[in-house]
1. Hey, could you check region 406-428 for residues that are out of contact with any strand residue (DSSP E or B) (no Cβ under 6 Å at 6 or more places or on another chain) and outside any loop (DSSP other than H, G, I, E, B) and say which is modelled with the highest pLDDT?
2. Would you point out which residue out of 204, 159, 168 is over 17 Å from residue 118 (Cβ atoms), buried (at least 19 other Cβ atoms within 10 Å of the Cβ) and modelled with pLDDT of 95 or more?
3. Condition first: closer than 20 Å to residue 208 by Cα and over 29 Å from the mean Cα position of the chain (by Cα). Now tell me which residues in region 55-79 satisfy that.
4. Filter region 477-487 down to residues that are surrounded by fewer than 20 Cβ atoms within 10 Å (Cβ to Cβ) and either closer than 20 Å to residue 423 by Cβ or out of contact with any helix residue (DSSP H, G or I) (no Cβ under 9 Å at 6 or more places or on another chain) (or both) and give me whichever is modelled with the highest pLDDT.
5. Condition (residue is touching a residue at least 60 places away in the same chain (Cβ under 8 Å), outside the structural domain of residue 357 (by TED's automatic domain parsing) and touching a helix residue (DSSP H, G or I) at 6+ places or on another chain (Cβ under 8 Å)) applied to region 522-535: is it met by at least one residue?
6. Going by what's in this entry, would residue 117 be described as within 23 Å of residue 241 (Cα to Cα) and in contact with a strand residue (DSSP E or B) (Cβ under 6 Å, 6 or more places away or on another chain)?
7. Got at least one residue in region 46-54 being in contact with a strand residue (DSSP E or B) (Cβ under 8 Å, 6 or more places away or on another chain), buried (at least 18 other Cβ atoms within 10 Å of the Cβ) and closer than 30 Å to residue 406 by Cα?
């Protein structure tokens, strides 16, 4: 090797303490491909709350969950305290007659009381239904919240701050339903005090119910995003959640240090599997301390995340790509923040969208500057119905992979048009939907595989161990009038990356049309910076600014030149100042854009994109 090559060779990666790929691939004559992990799953814990009792016995005084109090200081609950409080809550619920058929609905965001109520309900065999906060606080008609209530038929609602959720609660039929709050009251509605529940004497019934819990016991109802109508209630069993924990443990190359207390920071809501199941149970299994982050990856709130990362040095950091962009911006200006972030970091994980190559390079440059090593980046892929089913558990310089199956999981890739549709079978998969046997039957094929509606392809068909790449939603792809197929999911990610940092997301148009066009939401902070406008500039002023229009046109022109013809070429685009509508189903509760609903709700804008003489708000590329 020459000296010149040695100088330019990148530093090595920090070790990733996980096993390399080991899979079996079976191909059928009809083009169907089965992919299974060769590592055995191993023994699964009995339930989430049995895992809690195990950790509480081992580490009663170790901090379990931390949140900032009114003064801004961190306040913690230990494993022992959480276990005792959860048992008290379980006693209170059992005394009120709650059980498997009468769930607890939680309206609040992440908090210590939210966690205690969840764990207490599980100890009592009561399913927990955490509801997306926007259903209560951002909706004008509460239609999704009413739908959830009608579907679950709960006997109790928990709201951390009663006054915040009062209007939503008052809009519900509360017959035979009790309301519990940490603070405040709902006017005109009797409100139980959380402080009283956790003082309930623990009855012998709690141990009796705990003994009756099995892998098939329903622990939660988590709700889908409602991308094709009202959200569906997905049954979440203890088997599903414990199988993810066991699968991740089966990939470890060394035993965990029992004296190490992994620190983590969590902003994603617990009504989502990523945080509420995979993150929560993973932290519990590790005996770690999770700090609740009131920040979010939006300009107005990300400062709180930065504040927390000055004090919390995570072992693993996971978030959406937009958060990595904001974090890179902050660390490039602040060496002290960079030092604290990388102090204990073993790897980073991204999800929800593909991480762009330029952002990957920026994060690695920061890691090298601080540690002298590159940091592994991983991702996990799955759905509310499946938990995580694939993971990148090896070091790779490639972004955009969804990995390979976890131990215990088998993927079935079925030819569907020009793509391979992803189906999955294994212990992490739901038994079905709450009170919807018809829909349950529809999503499982003749071999019992759940169909995710996504497509995937091998990075290298000749070397499948290099992993799978997400290939868009099967149902979102369409043909132009020329008959050319357009891969919507892939194109959306490519366009947002090409226009970085200006676009937040985009909807791809062109079904039966002669060319592809976009409806796009700008990243307001990025667009404002491009335009050189002050913070008080309105979204309408920002999207119409000549510099913003020029930036979009120039970057899409470059994208078109680098593309592969009409299937990726963007001809026109409209930048939209109006944000996605929750009530209009444009924005899911997980923060993702619903392509179909947006095209229907904004059909008038789509029509403008295809007018012979384009209006002034249409940018022609």
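1. 415
2. None of the others qualify; the one that does is 168.
3. Passing the criteria: only 57.
4. Applying the filter and picking the extreme gives 480.
5. Within region 522-535, one or more residues are touching a residue at least 60 places away in the same chain (Cβ under 8 Å), outside the structural domain of residue 357 (by TED's automatic domain parsing) and touching a helix residue (DSSP H, G or I) at 6+ places or on another chain (Cβ under 8 Å).
6. It is true that residue 117 is within 23 Å of residue 241 (Cα to Cα) and in contact with a strand residue (DSSP E or B) (Cβ under 6 Å, 6 or more places away or on another chain).
7. yes
The rows are residues; the columns are (1) in the same structural domain as residue 423 (by TED's automatic domain parsing); (2) under 16 Å from residue 283 (Cβ atoms).
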residue	(1), (2)
20	yes, no
33	yes, no
39	yes, no
52	no, yes
61	no, no
84	no, no
92	no, no
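The values are calculated or read from the model by the stated rules, or taken from the named source; none is laboratory data. What you see is a predicted model; the values in this text were computed from it and never measured. In this analysis, Cβ positions are derived from the backbone assuming ideal geometry, glycine residues included, and neighbour counts consider all displayed protein chains.
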